[in-house]
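Only one structure is covered here, and it is reproduced in the block below.
The values are calculated or read from the model by the stated rules, or taken from the named source; none is laboratory data. This is a predicted model, so every value here is computed, not measured. Positions of Cβ are generated from backbone atoms using ideal geometry, with glycine treated the same way; all protein chains shown enter the neighbour counts. Side chains are part of the model used for accessible areas, which takes the heavy atoms of the whole protein and leaves out ligands, DNA and RNA. Shrake-Rupley method; radii C 1.70, N 1.55, O 1.52, S 1.80 Å.
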Amino acid sequence: MTFNSMQKNGLLLAAFAVIATSLVIGVQLLTEDKIEKQQQQQVLRTLNQLIPPALHDNDLYQSCRLLEDPALGTRKAQPLYRAWVDGTPTALAAEIVAPDGYSGAIHLLLAIKPNGEVLGVRTLRHKETPGLGDKIDVEKSNWIKSFAEKRIRGEDDTRWAVQRDGGMFDQFTGATITPRAVISAVKRATLKLQQQADVLFNADLPHCQEGQQ
Amino acid sequence: MSGSQTMNRDVNTAVIGHFPGGVHPPERKQPASSKPIRKLALPQELILPVRQHIGPSGKVLVAIGERVDKGQRLTEAGLSQGLPLHAPTSGIIAAIEEHPTAHASGLPEQAIVIQPDGEDRWGNKHALPDYHDVEISRLLELIQEAGIAGLGGAGFPTAQKLAQQKPLKHLIINGVECEPYIAADDRLMQEHADDIIAGTRILQYITRCDSVLLAIEDNKPEAIKAIAEAIGDDPQIHLKVVPTKYPSGGEKQLIELLTGDQVPSGKLPMDIGLLMQNVGTAYAVKRAIIHGEPLLERVVTVTGESLKQRGNVWALLGTPIQHLLDESGFTPEKKQRIIMGGPMMGFTLPSSEVPVIKTTNCIMAPTEQELPSPGPELACIRCGACADVCPATLQPQQLQWLAKAKDYDELEKHNLFDCIECGACAYVCPSEIPLVHYYRKAKAEVRNIAREKAKAEQARKRFEARQERLEREKQERLERHRKAAEERKKMQQEKADKPESKTKEGDDKPAGKSAAVAAAIARAKAKKAAQAAKDSPEEDNSAKGNES
Amino acid sequence: MNEYQHLTKQGLWDNNPALVQLLGLCPLLAVTASVTNALGLGLATLFVLVGSNITVSLVRQFVPSEIRIPVFVMVIATFVTIIQLLMNAYVFQLYQSLGIFIPLIVTNCAIIGRAEAYASKNPWQRAAFDGLAMGVGFALVLVVLGAMREIIGNGTLFDGAELLLGEWAAQLRIELFTVNYPLLLAILPPGAFIGMGFIIALKNKIDAVRSARAEKKTVTRARVTA
Amino acid sequence: MSLFGAVIALGVLALIFGVILGFAAVKFRVESDPIVDQIDEILPQTQCGQCGYPGCRPYAQAIADGDDINKCPPGGEATIKQLADLMGVEAKPLDDAHGEEDVKKVAVIREDECIGCTKCIQACPVDAILGAAKQMHTVIEHECTGCDLCVEPCPVDCIDMVKIKAKPETWQWDLDTVKENIKANSIPVKVVE
Amino acid sequence: MSFRIAPSPHGHNQRTTSEMMRWVCYALVPGVLLQSFFFGPGIWFQIILALGTAVLAEMACTVARDRPAFSALRDNTAIVTAILLAISIPSLAPWWVIVIGTLFAIVVVKHVYGGMGQNLFNPAMAGYVLLLISFPVQMTNWLPVSTISEHSLTLWQTLHTIVFEYTPAGYSVEQLRAGIDGVTMATPLDTIKTELTRGYTLTEIYQGPEFSYFAGAGWQWINLGFLVGGLLLIQQRIISWHIPLGFLGGLCIPAFIAHIFAPDLMPGPIVHALSGATMLGAFFIATDPVSAATSNRGRVIFGLLIGFLIFVIRSWGGYPDAVAFAVLLANMCVPLIDRYTRPVVYGHGD
């Protein structure tokens, strides 16, 4: 009785598991390519906002490399995209982190020209207070676009601060922590990328797909 | 307190225990405690409910028109918790009938009405001045025959309480009388301290207890003095003066106060070696044993500002409340309340035609100004004031929610039945919720549910038994039919030519009876037809169905 | 009333999984910040529900009761994973905004509840219909709640419908009003709870009114005895 | 290869769990809860049939099978509440198609009109009526459940359903009734000389 | 003769609920006066708006629930709710803020839960949280206190600002907030929070104009005002001391310990006690009996919990002040606290 029940239930359940898993695997194989393409497009959509087609003729997505640098705001390796026109380096883009947001880390995408001029910044993910700190989102406000075409004069460039602290960026009503965090993260990363632009364009960095997915 | 300190007797103010909660309502005992107990004129009639205590009523021994002597027994004690009843004065039995009684419901109960003849003529008395060589069981019998019930409030037959065969740590005599206004025990102690102590010694003798704690609240210095003198240097009776706080006179609270122990829930004080009697009971026991007088009268505080003469009176049992009021200069105000008992636990009477019974310690006719009625009930704000004053450390606000939600299981889990209905919670409730009233209703409902459940169980058993019986009968009938059919077959085979016998049911009915029955049926049919004409045609169908 | 009408009434109103059974509240409360999201998750749930009901009904003869729960879970999990992969591949934007709530469909008790309560006891046609009715009922509540929250919190309807339905749907967007200060509470999770409470209250109220209006029926009394 | 591994791994896991479940199903089998008994316990056992079932037990069975819990007028609100607790469903108001909750009553036979037909005795589900053919019948008050099943069969209409009289010990502390109690029962005292 | 029937006990001593609530209003006076001195007359408009809304909402709800319109107003609790909410928000907040908040507090938090005595949450604080979450900008627009402010508004200017969101001269509240040096001023707690994240030490932060003697300029006096009112309530036995003591203990003891270990990062107990809504919360908000624990032991625990939550949120949370959140969180724990602090019933001990 006991043995019968064990044998029957065990085999049946195993059979179901095998069928179910095989089905999932089948669908997975079918959709694999399509999903990867979608993910590429997702990244490219934001990248293309910052690095217009005129500034690159290479496949930005394929140019992705992993860069590990504390100046990017995290110890984890972050994706770095490199753009060329006719073999001439035109732009660098990196995913950076502002760790000191009001409600945790803010993930940003920063693009600069090799000479250090900021092409633009976009917020990828954040948890800032809705209605207050979420104005860093391009859908909510144009504030994030104010980084475009800004340049940085060095470590102690006091213009890279909110107006309240005597800088050139607006703070938005009711929130100062969020813009401060974003500005300092962008400032830190821009300085770093600007200094190492040459190296980064030529460095042999690991491919994104290998390191993380 | 100062009174007690000046006396160098055994006045022990060091209270061992403490009970939580409690309130300090204005005492207002002065009018009753400062004047001697008055004797009243005989009322026109005395109404004696046959049942004046917990338990079944006794059997009535007298008949209408019978002449009775003072102290003559009117009823015989019932089975277990019964108590006999005696004629408080001589007179004629005027009626034995249903009469509104001293109960909050105003519902009637069987009562014996005596018309006093004014002679106040005693019947036989069996005085027993020295009880020390009498057997205890005989003394208990005498107390039982004297009809003594606890005069403090619950009215449990005293002899049965005393008869418990367990060794006692302490016998507690309760002279606390913590309810505001009431000073019946106070005055009794002041005037009859010796009798009370004598009664206490009888109780002590019966229970063979060598430690008596006699407790009095410290707002009764005169009574304390009188009792202390009456005790003299008796080493076994200890006078305990307890601080004034309501409800320190509650049995459980006083025990906690005097001994520091709690009576476990659902148990009796006896189970932890304690027995409590009221001072009035001690007095009644003394009268019963030493003088042979059954319980015929008691001290009743008659008070409240609607009365001109406030004070204590000796009231014969059965005295109508109206008589007490009349004798005290009653000028009712609009919507006058008459309260039997104190302001905290007493109940209002719907009529002044109800009599004084054994447990009546106070009749109040307060003015609205004196005891303002609560305003409209507001929602509970869970302020917890009620929990702070609850002497049983219950959660009155929770009980109130549950009572309103009729969640009886949860009510029992929240120990509803440990509520002593002292009223402290409702007294302090800022939303003026009649909390105790909700608990009483809930308790009545819980008891009712238990009764219904027992009844349902009984009904189920009877129904099942009936079904079984019907089934059995059906089987038997089938069996009989089968047998009969076989018989018939046999008979038919044997006597094939014999004609069938007539078996008509109606034949053996007497003609006269059947005519009456037919007439009755016809009457009912006519009635139903008339009804059917008024109602819907469906009724008609059902009526027809009945005949089939 | 035939079985299918009965099932429809049960799923859409009388026994609505969201309003009456209060199942699947986690995804319900999480994604209903806008109509589009609500519709997306509603459709996904509907699809899984129909699929799992059919499958469970088809295999019910072979599955002993001891292992029915793990089998149901596996069936549901398979469906959800497949849906997730398909959405990831073909409606990527919506997939992104519904995010982690797609896998949460596995834990939506409405689905396993229907498998256990209905599909495992009925033929597949009926089970499929039950899944459809229940799924539509669930999706409708999602959409109503989503609409409520989107209107109050954002002043719009069908914002971002193109993510779900393709580019043409961008025209569906209705801007009801613009406020400088939207009532953010409606968009935030507490708003979902409060809104849900109001919808349930409304449903109960409607039921109460309807039952008060309903005609009185009479029941013939059974006679226990002769 | 890794995909194949996943299939194998899950298959083996499922096999193991299936075996465990199969074992547990036999070893830890619990006897089913006699829910019908519990429901029957709650019902008032009047056997009145107002629920549409012949007796309380059949209705208990019906509830266990999913029937509504609000069909018992004699039990009223209290019974519905208890049933709701037991069955884990929402309490709902009494379905008045089955009758309304009423005060508790008992049957009383007007004895001078009784013709001794025994029809009521046969109708009484709890054998609470005493009597024999052509003898006057009487109701045993404390056994009567107040189901009123005896009223209809009586050919001479001599059975009344009478409210159970409140007694001080069964009084439900309804202060509104006090005045009525006093009014209804105040009897002028007769004086016998 | 027919007599009146009434349940026992006959007679009553305690203040009624409506009297208690009236006392709460009296006790608020010192704090409110100070607040109107430091933040201008706007608070009076807010109170009037809140009272009007609360009374109308309460009447509408009672009518909708088939009760006489004025029955629910009798207990004065709606008035207390309205005043507490009105004095919790910035005094120049636009009129619709207080109206929405009061409506939510009375209609949703109080009446939807079943009305007086049934609400799980403190209505004023639930209303406050709704506003804070929904309108963060308006709800954080506190003017600098009058003693250090550039602008002081007349009655007319205040009213204009509350109604139209701009002064007659066209300044927004945001602009009014700018201090002498053009830098926008925040509340002291907000300043501490933001400046700490920028790496300043407390010693440096306390040099700012927002601070004086023990804590934030102005705020400390307002808190002392509410403390005085609270002590009056305790003296009058309207509230018991358990919740305020637990509250202040739960806040100040951890603050004291933390301050010893990190004096430049963690503000001390006095700063905590005299900042934000501490005293208002301790004596007027947490002590709302409906949503608080009932036993004395439970009340101490309830107070401790609120105080500790405030400390935690102020120190590490997203908001500078946290009284409202802490109170609501503790409200949720009340059934649990009540359950485990139920005293042993007479005769049930060992």
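Couple of notes before you dig in:
- Chain B: angle of helix B:537-547 to the longest principal axis, Cα-based, in degrees nearest 10: 70 degrees
- Within chain D, helix-based [θ] at 222 nm, where runs of 4 or more DSSP H residues each add -39,500 (n - 2.57), nearest 500: -11000 deg cm²/dmol
- Residues of region B:453-471 that bury at least 30 Å² of accessible area once all protein chains are present, compared with their chain alone (1.4 Å probe, heavy atoms only, ligands and nucleic acids left out), are B:LYS453, B:LYS455, B:ALA456, B:ALA459, B:ARG460, B:ARG462, B:PHE463, B:ARG466.
- DSSP-defined beta bridges in chain A - what % are antiparallel, rounded to 5: 95 percent
- Averaged over peptide A:29-37, the number of partner chain Cβ atoms lying within 10 Å of each residue's Cβ comes to 4.
- Positive dipole terminus of chain E, leading residue within E:SER91, E:THR102, E:SER275 (C-beta point charges): E:THR102
- Beta bridges per DSSP, both residues in the protein assembly as shown: antiparallel share near 75 percent.
- Over region E:185-340, equivalent-ellipsoid semi-axes from the Cα gyration tensor in Å: 28, 17, 12
- Degrees separating the helix A:2-50 axis from the principal Cα axis of chain A, which is the longest one: 20 degrees
- Scaled against 2.2 N^0.38 Å for its residue count N, the alpha carbon radius of gyration of chain B is 1.30.
- Helix axis angle, B:396-405 relative to chain B longest principal axis, alpha carbon, degrees: 20 degrees
- Each principal axis of region A:27-81 carries a Cα extent, and these read 41, 31, 16 Å when sorted largest first.
- Charge dipole (debye, nearest 20) of region C:3-213; +1 at Cβ of Lys and Arg, -1 at Cβ of Asp and Glu: 560 debye
- Above 14 Å, the calculated P(r) of region D:35-97 contains 46 percent of its Cα-Cα pairs.
- Interface area, D with B, accessible, probe 1.4 Å, both sides summed, Å² nearest 100: 4700 Å²
- Amide proton proximity set for B:ALA94, modelled H, under 5 Å, gap of 5+: B:GLY65, B:VAL113, B:ILE114, B:GLN115
- Of the cross-linked pairs B:LYS161/D:LYS167; B:LYS461/D:LYS179; B:LYS461/D:LYS163; B:LYS29/B:LYS125, those separated by over 32 Å at the C-alpha level are B:LYS461/D:LYS179; B:LYS29/B:LYS125.
- Across peptide E:128-138, the mean count of Cβ atoms from other chains lying within 10 Å of each residue's own Cβ comes to 6.
- Buried solvent-accessible surface, both chains (B, E), 1.4 Å probe, Å² to nearest 100: 4200 Å²
- Averaging 1/r over every pair of different alpha carbons in region D:105-163 and inverting the result gives a Kirkwood radius of 10.9 Å.
- Orientation-averaged projected area, Cα convex hull of chain A (nm²): 16.8 nm²
- Helix-only mean residue ellipticity at 222 nm for chain E, each DSSP H run of n ≥ 4 adding -39500 (n - 2.57), per residue, nearest 500: -17500 deg cm²/dmol
- Averaged over the residues of peptide C:65-72, the number of Cβ atoms from other protein chains lying within 10 Å of each residue's Cβ is 6.
- Distance histogram for chain C (every C-alpha pair counted, 10 angstrom bins, percent rounded to whole numbers): 8, 29, 31, 20, 8, 3, 1, 0
- Sorted peptide list for B:24-33, B:117-126, criterion being average Cβ within 10 angstrom, highest first: B:24-33, B:117-126
- Bins of 5 Å, starting at 0 and running to the largest distance - Cα pair percent for region D:44-193: 2, 9, 14, 15, 14, 14, 13, 9, 5, 2, 1, 1, 0, 0
- Mean Kyte hydropathy of -1.0 or more with a Cα span along the axis of at least 30 Å, helices from DSSP in chain C: C:35-59, C:68-90, C:124-154, C:189-213
- Three principal axis extents describe the C-alpha atoms of chain E; from largest down they are 83, 54, 31 Å.
- Hydrodynamic radius by Kirkwood, which averages 1/r over all alpha carbon pairs of the protein assembly as shown, in angstrom: 40.4 Å
- Placing +1 on the Cβ of every Lys and Arg and -1 on the Cβ of every Asp and Glu, with nothing else charged, gives the protein assembly as shown a dipole about its Cα centre of roughly 1920 debye.
- Interface size A-D, as summed buried accessible area [1.4 Å probe, Å², nearest 100]: 1200 Å²
- Pairwise Cα distances in region B:378-477 exceed 22 Å for 44 percent of all pairs.
- Amide H contacts under 5 Å for B:ILE172, placed H, 5+ residues apart: B:LEU213, B:LEU275, B:MET276, B:GLN277
- ³J(HN,Hα) computed for each position of region D:57-68 - Karplus, 6.51 cos²θ - 1.76 cosθ + 1.60, integer Hz, glycine/proline x: 4, x, 5, 4, 4, 5, 5, 4, 8, x, 6, 5
- Portion, in percent, of the accessible area of chain E that falls on carbon or sulfur, probe 1.4 Å: 68 percent
- Value of Rg to Rh for region A:6-128 (Rh from inverse mean 1/r over Cα pairs, i.e. Kirkwood): 1.22
- Descending by average beta-carbon neighbour count within 10 Å, the peptides B:153-162, B:471-480 line up as B:153-162, B:471-480, the highest first.
- Projecting the Cα positions of B:GLY266, B:TYR283, B:ILE237 onto the charge dipole of chain B (unit charges on Cβ atoms of Lys, Arg, Asp and Glu, taken about the Cα centre) puts B:GLY266 furthest along the positive direction.
- In the full protein context, region B:232-311 carries 30 Å² of accessible surface per residue, based on a 1.4 Å probe and ignoring ligands, DNA and RNA.
- Sequence-distant residues sharing a close amide H with B:GLY58 (under 5 Å, placed H): B:GLY78, B:LEU83
- Computed over protein heavy atoms with a 1.4 Å probe, the accessible surface of chain E works out to 40 Å² per residue.
- If the convex hull is drawn through the Cα atoms of region A:124-194, its volume per residue in Å³: 90 Å³
- Karplus-derived 3J(HN,Hα), 6.51/-1.76/1.60, for each residue of region B:221-232, Hz, glycine and proline x: x, 5, 5, 4, 4, 4, 5, 4, 5, 5, 5, x
- Calculated from backbone phi, Karplus (6.51, -1.76, 1.60) coupling profile of region E:286-293 in Hz, x at Gly/Pro: 5, 7, 4, x, 4, 9, 9, 5
- Dipole orientation for chain B: of the candidates B:GLN309, B:LEU40, B:ILE449, B:ILE449 has the Cα lying most toward the positive pole (charges on Cβ; Lys, Arg +1; Asp, Glu -1).
- For the residue pairs B:LYS166/B:LYS441; B:LYS441/D:LYS81; B:LYS455/B:LYS525, the alpha carbons lie more than 25 Å apart in B:LYS166/B:LYS441; B:LYS455/B:LYS525.
- Kirkwood hydrodynamic radius (C-alpha pairs) into Stokes-Einstein, region B:2-316, 4 °C and 1.567 mPa s, D in µm²/s: 64 µm²/s
- Pairs from B:LYS39/B:LYS70; A:LYS135/A:LYS192; B:LYS413/B:LYS443; A:LYS145/E:LYS193; B:LYS240/B:LYS308; A:LYS150/A:LYS192 whose Cα-Cα separation, in the structure shown, is over 24 Å: A:LYS135/A:LYS192; A:LYS145/E:LYS193; B:LYS240/B:LYS308
- Members of region E:286-319 that become less accessible by 30 Å² or more once partner protein chains are added (1.4 angstrom probe, chain alone as reference): E:PRO289, E:VAL290, E:THR294, E:ARG299, E:GLY318
- Fraction of accessible area attributable to carbon and sulfur, region C:138-187 (%, probe 1.4 Å): 65 percent
- In summary, the helical segments of chain E meeting the span-like criteria, namely a full DSSP H run, a Cα extent along the axis of 20 angstrom or more and a mean Kyte-Doolittle hydropathy of at least -1.0, are E:17-39, E:42-64, E:219-235, E:242-261, E:296-316, E:323-340.
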